[in-house]
Amino acid sequence: MTMALTLPAFTPLQASLWLTLCGRALDNRSSHRILGDETADEIVRRTGYDYQALHIIPSAALNIAHRAKKLDEVAARFFVRHPGAIGVDLGAGLDSRALRIAPPPAADWYDVDFPEVVEARRMALPDRANPHGVGADLTDPAWLDALPADRPAVIVADGLIAFLSEEEMVSLVNRLVAHFPSGEIAFNGYSRFAVWAQKRFAGATSIAGLTRFPGFDDPRTPERWNSKIKLVKEILCTREPEVADFPPALRLFTRLAAPSASWSRKGNVVLHYRF
Ligand SMILES: C[S@@+](CC[C@H](N)C(=O)[O-])C[C@H]1O[C@@H](n2cnc3c(N)ncnc32)[C@H](O)[C@@H]1O
């Protein structure tokens, strides 16, 4: 039996990590598993976290797992082309992405989140899931100084940008692009509809008051934040191969939405850019 785990208290913003962690844990327990994140499942079990209080419906858990898988793929493919690259997970929470994608030995992976969360990562995750923890507020420009500036970087943000203002997101992107010689950035998108919905749906009440990002529908919007940013792909999850493994009713609904970009954008989207 694995040991029970007691983590330090989180602020409401930090506690948003439970939503995504529990989403991946529930996906791992589902018969229609998309990601299979055993580590998330184990942390939820060891902490005895009351995930039922979050009211995560099965389709929400599936979407959380699906977008994590798409972000994993972006990072893993980047490392195939750049085995000595830097990987950065912005607002990593208790996610063990480095464990899932296993970066090559010459690569370095950094998980950035508030110091309390980085401390909790040290307690909850095996060392190889947590190679470099950076405890910082992402809106503070200083944290990037700790990262090498002479290697290409793949930067992912899963469930983060909703919590930043547009100005904070734009300046974060500008600092990342200025720091690294080249690289890729990928994050789950928030359409204006998604932001509207997040403030109202039962499964998101734990974060409703914390959402600050206005959302955008045009995937090229970040190209206007920084002239080096170019869209690689708007990944509409309705069109991804994992839909074949969705439970029947959700699969049908997703297949109906897939031909329409505007319907697909109301759901799970991962935005992928290079610079
Ligand atoms: C919804 S959680 C997602 C966590 C993780 N990416 C995952 O998928 O499980 C959002 C995370 O962003 C972090 N976060 C939000 N704003 C931040 C900021 N300004 N600086 C550092 N971390 C931040 C929170 O502490 C939290 O861990």
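Observations on the structure shown:
- Test: residue in region 110-117 that is open to solvent by 10 Å² or more (accessible area, probe 1.4 Å), in contact with a Ser or Thr (Cβ under 8 Å, 6 or more places away or on another chain), in a helix (DSSP H, G or I) and within 23 Å of Phe10 (Cα to Cα): yes
- Count - residues of region 24-48 that are in contact with a Pro (Cβ under 7 Å, 6 or more places away or on another chain) and among the β-branched types (Val, Ile, Thr): 0
- Here Cys22 fulfils each of the conditions (1) closer than 27 Å to Thr139 by Cα; (2) among the hydrophobic types (A, V, I, L, M, F, W, C); (3) in contact (Cβ under 8 Å) with a residue 40 or more places away in the chain apart from (3).
- The lone exception for Ala194 - which of (1) closer than 30 Å to Arg81 by Cα; (2) surrounded by 15 or more Cβ atoms within 10 Å (Cβ to Cβ) it fails: (1)
- Hits in region 48-72 (condition: farther than 21 Å from Ala249 by Cα, within 14 Å of the ligand (Cβ to nearest atom) and open to solvent by 20 Å² or more (accessible area, probe 1.4 Å)): Tyr49, Tyr51, Lys69
- So Asp158, is it within 17 Å of the chain's Cα centre (by Cα), modelled with pLDDT of 95 or more, open to solvent by 60 Å² or more (accessible area, probe 1.4 Å) and not β-branched (Val, Ile, Thr): no
- Where a residue in region 155-173 is at positive phi and its partner, wherever it lies, is part of a helix (DSSP H, G or I) and near the ligand (Cβ under 10 Å from one of its atoms), with Cβ under 7 Å and at least six apart: Gly159/Thr20
- Looking only at residues in region 37-47 that are within 15 Å of the ligand (Cβ to nearest atom) and without any contact (Cβ under 8 Å) to a residue 60 or more places away in the chain, the one that is surrounded by the fewest Cβ atoms within 10 Å (Cβ to Cβ) is Glu38.
- Qualifying positions in region 73-95 - open to solvent by less than 10 Å² (accessible area, probe 1.4 Å), away from the ligand (no atom under 16 Å from the Cβ) and either at pLDDT below 95 or outside any helix (DSSP H, G or I) (or both): Ala85, Ile86
So that you can scan it fast, the table gives a plain yes or no per residue for (1) under 13 Å from the mean Cα position of the chain (by Cα); (2) free of Cβ contacts under 8 Å to residues at least 60 places away in the same chain:
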residue: Trp18; (1), (2): yes, no
residue: Arg29; (1), (2): no, yes
residue: Asp50; (1), (2): no, yes
residue: Ile56; (1), (2): no, no
residue: Ile64; (1), (2): yes, no
residue: Lys70; (1), (2): yes, no
residue: Arg77; (1), (2): no, yes
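- Cβ-Cβ distances below 9 Å connect the following pairs, each with a first residue in region 138-150 that is open to solvent by 60 Å² or more (accessible area, probe 1.4 Å), a second residue that is in a loop (DSSP other than H, G, I, E, B) and away from the ligand (no atom under 16 Å from the Cβ), and a separation of six or more residues or different chains: Asp150/Phe180; Asp150/Pro181.
The values are calculated or read from the model by the stated rules, or taken from the named source; none is laboratory data. In this text the structure is predicted, and so the values were computed from the model without any measurement. Reconstructed Cβ throughout: ideal geometry from the backbone, glycine too, with neighbour counts over all protein chains shown. Heads up: the accessible areas ignore ligands, DNA and RNA and are worked out on the full protein's heavy atoms, side chains in. Shrake-Rupley method; radii C 1.70, N 1.55, O 1.52, S 1.80 Å.
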